[in-house]
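Trainee: Questions regarding the structure given below will be posed in turn.
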Amino acid sequence: MVVEHVEGVTEPWVQDLLCALLGALHREKPTVLELGGFLGHTSARLACALHGMGGGRLIVAEWDPAAPERADAVDAWLASLKLDGVDWRVVRSDALTVIAQQPDESLDFVFLDDDHQHEHVAQELAALMSKVRAGGLICGHDVHGLTDLQQEFARYPNSLSLDFPRLGPAGGLGIIQCV
C-alpha cells in the first residue's frame, strides 16, 4: 500500500520500519495497539502488515473532542480494506484509558503517536510496561526535533532512538523492547 505523504502523518519510511519490526516479532496473530490514529495512514499500513502475517488484532485509540471525525475516518478506511483475518476496532477514547483497559501481557506491538507532551508520553510508557508481552515492542513517533521525546524512551532498558530525515520539525522513532 503506497499513499502520498500528508502533513502530520507518520512518514512513509517510518511506517515501513514499523511494519518490518512487527513482522520481525514472528508472533502468531499478534495484537497491535496504535495510540493516535489521526487520519488512518499508519493504521491501514499496520492492518495490511497483519494481513500479510496471516492475521491478528489491531486496536486504534483515536479521540480528539475537537475533531471527532478523525476516528470516523480511521474506521472508514479500515473497513474499506476488507482484510480477512484482521480483527480491528477504533476506540473513541483517550490513550491512557484504552491502555488501562488492556489485560496485562496482552499486547505484542504498540505505536505511540497521540499526545507528544513529555508527561503524557511518560505516563503512557509506564502504563504499557505490564501490558506488553516479553519481547514485544513499544514504538513512538516524533521522538526527535521539537518534541525531544527520546529521553522518555531512554528511561527504559533495551531502548533505542532513531532520527530519520524529517519532512517537518519533528520525526524519528523511539523503540523499546519489553523484557
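Every number here is computed from the coordinates shown, using simple stated rules; none is lab data. Note that the structure is predicted; figures quoted are calculated from it, not measured. Heads up, the Cβs are rebuilt from the backbone with ideal geometry, glycines too, and the neighbour counts pull from every protein chain shown.
Trainee: What number, in percent, do you get for the relative contact order of the stretch 1-121 if the mean sequence gap of Cα pairs under 8 Å and at least 6 apart is divided by its residue count?
Mentor: After rounding, I find 30 percent.
Trainee: Summarise the long-distance tail of P(r) for the stretch 1-83 by giving the % of C-alpha pairs beyond 15 Å. List each step's numbers first, then the result.
Mentor: Numbers: 1877 of 3403 pairs.
Here the tail beyond 15 Å accounts for 55 percent of pairs.
Trainee: Where Lys and Arg each count +1 and Asp and Glu each count -1, what net charge lies around Gly40 among other residues with Cβ under 11 Å from its Cβ?
Mentor: With Lys, Arg at +1 and Asp, Glu at -1, the net is -2.
Trainee: Specify the residue with the greatest mean-square fluctuation among Arg92, Arg70, Arg166, computed from a Gaussian network of the chain linking alpha-carbon atoms under 10 Å apart.
Mentor: Of Arg92, Arg70, Arg166, the most mobile in the Gaussian network model is Arg166.
Trainee: What is the projected area of the convex hull of the Cα atoms of the stretch 63-127, averaged over all directions, in nm²?
Mentor: Numbers: hull surface 21.0 nm².
So the Cα hull casts an average projection of 5.2 nm².
Trainee: Hey, rough spin-label estimate for Ala170 and Asp64, points 7 angstrom out along Cα→Cβ, what's it come to in nanometres?
Mentor: Using points 7 Å along Cα→Cβ, the separation is 1.1 nm.
Trainee: Another one. How large is ³J(HN,Hα), in whole Hz, for each residue of the stretch 129-143 in order, when computed from phi with the Karplus curve 6.51 cos²θ - 1.76 cosθ + 1.60 and θ = phi - 60°, using x for Gly and Pro?
Mentor: With the stated coefficients, the stretch 129-143 comes to 4, 8, 8, 9, 5, 3, x, x, 10, 10, 10, x, 8, 6, 8 Hz.
Trainee: Is there a quick way to get the dipole size of the stretch 70-179? I mean about its Cα centre, with the Cβ of Lys and Arg at +1 and of Asp and Glu at -1; what is the value in debye to the nearest 20? Intermediate results must be reported in sequence, preceding the final value.
Mentor: Values: 8 positive and 17 negative charges, 34 e Å.
Rounded to the nearest 20 debye, it is 160 debye.
Trainee: Over every pair of different alpha-carbon atoms in the stretch 5-48, take the mean of 1/r and invert it; report that Kirkwood radius in Å.
Mentor: Details: mean 1/r = 0.0901 Å⁻¹.
About 11.1 Å, per the Kirkwood formula over Cα pairs.
Trainee: If you don't mind, there's one more thing I want to ask. Run the helix sum for the chain: -39,500 (n - 2.57) per DSSP H stretch of 4+ residues, divided by residue count, reported at 222 nm to the nearest 500 deg cm²/dmol.
Mentor: Mean residue ellipticity, 222 nm, calculated: -10000 deg cm²/dmol.
Trainee: Based on the alpha carbons, how large is the Rg to Rh ratio for the chain when Rh follows Kirkwood?
Mentor: Radius of gyration relative to Kirkwood radius: 0.92.
Trainee: Which ³J(HN,Hα) values in Hz, rounded to whole numbers, follow from the phi angles of the stretch 58-67 under the Karplus curve 6.51 cos²θ - 1.76 cosθ + 1.60, where θ = phi - 60° and Gly and Pro get x?
Mentor: Per-residue couplings from phi come out as 10, 10, 10, 8, 9, 8, 9, x, 7, 9 Hz.
Trainee: Give me, ordered by chain and number, the residues 5 or more places off Leu58 or on other chains with an amide H under 5 Å from its own placed amide H.
Mentor: Amide H neighbours of Leu58, under 5 Å, 5+ apart: Val32, Asp87, Trp88, Arg89.
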